[in-house]
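Since the structure comes first, as structure tokens, the remarks are kept for the end.
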Amino acid sequence: MKYALGPILYYWPKQKTEEFYQLASASSADIVYMGESVCSKRRAMRHNDWIAVARDLASKGKQVVLSSMALLEAPSELRNIEKLIDNGEFLVEANDVSAIEMLRQRKLPFIVGPAVNVYNADALNVLQRQGMQRWVMPVELSRDWLSKTLQDAQDLGIRDSFEVEVFAYGHLPLAYSARCFTARSENKTKDECETCCINYPHGRQVNSQDGQPLFVLNGIQTLSGEKYDLINDQASMRDLVDIVRLSPSGEESIEHLESFRRRNQEGQSNYPTPDTVNGYWHQIAGIHHSD
Amino acid sequence: MELLCPAGSLPALKTALKSGADSVYIGLKDDTNARHFAGLNFNDKRLIQAAELVRKQGKKLNLAINTFAHPGDAKQWYKAVDCAAANGIDAVIVADIAVLDYCAQHHPDLEVHLSVQASATNAQAVAYYQNNFGVSRVVLPRVLSIHQVKQIARSCPTMEFEVFAYGSLCIMAEGRCYLSSYLTGESPNTVGACSPASFVRWEEGPEGLESRLNKILIDRYAPNETTGYPTLCKGRFDVDGQVYHALEEPTSLNTLELIPELAEANIAAVKIEGRQRSPAYVQQVTQVWRQALDRYSADPSRYQVTDQWMAQLASISEGSQTTLGAYHKQWQ
């Protein structure tokens, strides 16, 4: 099993971001995804800053992947993606079909991110012909769904033409909107948001009126209220999953990556996972937990 | 501009035609379509009847096959496409790359519209579906501002565009929202339903009437408050001690006032949402939109939304309110 750090979904100041990647470079992570994948107004890290961090991590032996934005509306945003794709050094994770189209036309290999709707082997077949090397399964899908999909891929003769990655830790990216919910929570419009999401390094918690954590507001993105954690489900990933993704929330995510690896290698008893969920993997409501 | 109306049943389809629809869209009675609700939609026999009725009147019929094919069962989706092609359906509305590829390979002459569930929000995404699968029309998601709608239409002159004109307001990029499966295990992409009715409970609690979805509290109402269906993005939630509609109020999309701008942007069709609604709803909305479109084309420069249209629509809108949604920048 390989272990990957997903792109930071929150908006952090430049220094915090760079400090995080210093820790990441010293960690045992095999793959590091990076870049702004949520909102184009978040510009604390510019293109060249990302490339500098990427080079540093690559020099430490990490595979670096640049993640593209999921919801692209403006021509200026497409130009940013074009620049990302034309970086000339690093692989790109496409989180929208627009990026797939640009990569396909340039005959560049790519990774299909979790924000692209791929639900079956026939879709994987189309994408692998277009250059897909790795597929990150949509977060709402289960082990059962994955297993059937890969069986179909086997029957199509394409099972070995791509790697499979599963989002396994962190608040789940559940939805994208035109509306900025963080700005709304401060009675601001998106146009006058003052990128206030930088004040919420872990987003804003949304609870039901009787106190149950439901969601986390992260700009135009809505995340799950609870953390997803498949640390104790790794045995059921055997022969299905090549790469496990941890979505960063800070230093503890890097520590947790090491725990994932230990838990998998040593097969020790269950790691304590209070206040986390794993329902999607078990084909029940995402918010639920199955032992 | 074409007026495209929803029908969840044969009576609704007849009503739509009688009320002035140019075209109607329907779905099959299974999970191949994103309005998979009990008692709704068309079996093969009804579909053939519908196609005949529509053809006789010189109108068009589209079939929504707009969920994502399940592994091990993709044949069900392909069968739906075959059924459309065999029965003279004018266009299929598709979201899944696998189903789009099937259409292109097996029914190259069948007109294919890209469903809103495919979430094509920019010119390059449109190019992907046009270049790879020969899609001839794209239904634009409700996340774009009117300025962005015009921009896309301008940059893709060989593509037809359809926009949502009226109905339930999805505030997330369609096809990219898993809130429903997070709370219930069922989502639009996987089972064709959002906040499914089988999970809804109404309970009288000490603090008022409560709506719950899979036991999770979505909203709580004071005695004199209007209640609404607990679509999970329209509940009142607690953000750091403030209880409010954290995502969106219960309200419907209504773009009557944008007709001139949409027409000038060469939008091919305006779509009414609501295959799950009654024939009475279909009648009201279709009549108002027919009048508005006719009024506009008769004299574009003097087009104005009338109070009567608004009153008629308000009576059937969610929370009796309407909004321009993301088309209007301020909403975002």
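The values are calculated or read from the model by the stated rules, or taken from the named source; none is laboratory data. This structure is a prediction, so every number in the text was calculated from the model and none was measured. For neighbour counting, all protein chains shown are included, and Cβ atoms are generated from backbone atoms with ideal geometry for every residue, glycine included. For accessibility, only protein heavy atoms count, side chains too; no ligands or nucleic acids. Shrake-Rupley method; radii C 1.70, N 1.55, O 1.52, S 1.80 Å.
Key figures for this structure:
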item: Among the residues listed as B:Glu225, B:Glu257, B:Glu261, B:Glu248, the single one being farther than 29 Å from B:Thr158 by Cα, among the charged types (D, E, K, R) and out of contact with any Cys (no Cβ under 6 Å at 6 or more places or on another chain); result: B:Glu225
item: Segment A:27-54: number of residues that are in a helix (DSSP H, G or I) and either aromatic (Phe, Trp, Tyr) or under 20 Å from A:Ile243 (Cβ atoms) (or both); result: 2
item: 2 or more residues open to solvent by less than 20 Å² (accessible area, probe 1.4 Å) and in contact (Cβ under 8 Å) with a residue 40 or more places away in the chain: qualifying strands (runs of 3 or more DSSP E) within segment B:85-145; result: B:91-94, B:137-139
item: Residue ID - nearest to B:Ser180 (Cα to Cα), chosen from residues in segment A:180-201 that are open to solvent by 10 Å² or more (accessible area, probe 1.4 Å) and in contact (Cβ under 8 Å) with a residue 40 or more places away in the chain; result: A:Cys180
item: Number of the exception - B:Glu174 against (1) within 9 Å of chain A (Cβ to nearest Cβ); (2) open to solvent by less than 10 Å² (accessible area, probe 1.4 Å); (3) of a type in the set (D, E, K, R); result: (1)
item: When residues of segment B:256-278 are limited to those that are of a type outside the set (A, V, I, L, M) and either more than 20 Å from B:Asn62 (Cβ to Cβ) or within 11 Å of chain A (Cβ to nearest Cβ) (or both), the one most open to solvent (accessible area, probe 1.4 Å); result: B:Glu264
item: Residue within segment A:246-253 that is part of a loop (DSSP other than H, G, I, E, B), over 30 Å from A:Glu18 (Cα atoms) and open to solvent by less than 20 Å² (accessible area, probe 1.4 Å) present; result: no
item: Condition broken by A:Arg204, with the remaining ones in (1) within 21 Å of B:Arg176 (Cα to Cα); (2) crowded, with 23+ Cβ neighbours inside 10 Å satisfied; result: (2)
item: Hits in segment B:43-65 - residues which are at pLDDT below 95 and outside any helix (DSSP H, G or I); result: B:Asn43
item: Subset of segment A:188-215 [part of a loop (DSSP other than H, G, I, E, B), at the interface with chain B (Cβ under 7 Å from one of its Cβ atoms) and at pLDDT 95 or above]; result: A:Ser208, A:Gln209, A:Asp210, A:Gln212
item: All positions within segment B:199-253 that are touching a Gly at 6+ places or on another chain (Cβ under 7 Å), facing another protein chain (nearest Cβ under 10 Å) and open to solvent by 20 Å² or more (accessible area, probe 1.4 Å); result: B:Arg220
item: Options A:Ser269, A:Ser290; residue that is surrounded by fewer than 17 Cβ atoms within 10 Å (Cβ to Cβ), within 14 Å of chain B (Cβ to nearest Cβ) and assigned to a loop (DSSP other than H, G, I, E, B); result: A:Ser290
item: Some residue of segment B:308-315 being at pLDDT 95 or above and assigned to a loop (DSSP other than H, G, I, E, B); result: no
item: Breaking point among (1) under 19 Å from the mean Cα position of the chain (by Cα); (2) outside any loop (DSSP other than H, G, I, E, B), for A:Arg104; result: (1)
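Listed here are the residues, each with its yes/no results for (1) without any contact (Cβ under 8 Å) to a residue 60 or more places away in the chain; (2) part of a loop (DSSP other than H, G, I, E, B).
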position	(1), (2)
A:Val64	yes, no
A:Glu73	no, yes
A:Ser76	yes, no
A:Tyr119	yes, yes
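For every residue, the table says whether it meets (1) under 18 Å from the mean Cα position of the chain (by Cα); (2) away from chain A (no Cβ under 14 Å).
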{"residue": "B:Asp294", "(1), (2)": "no, yes"}
{"residue": "B:Arg302", "(1), (2)": "no, yes"}
{"residue": "B:Asp307", "(1), (2)": "no, yes"}
{"residue": "B:Leu313", "(1), (2)": "yes, yes"}
{"residue": "B:Ser317", "(1), (2)": "yes, yes"}
{"residue": "B:Thr323", "(1), (2)": "yes, no"}
{"residue": "B:Ala326", "(1), (2)": "yes, no"}
{"residue": "B:Trp331", "(1), (2)": "no, no"}
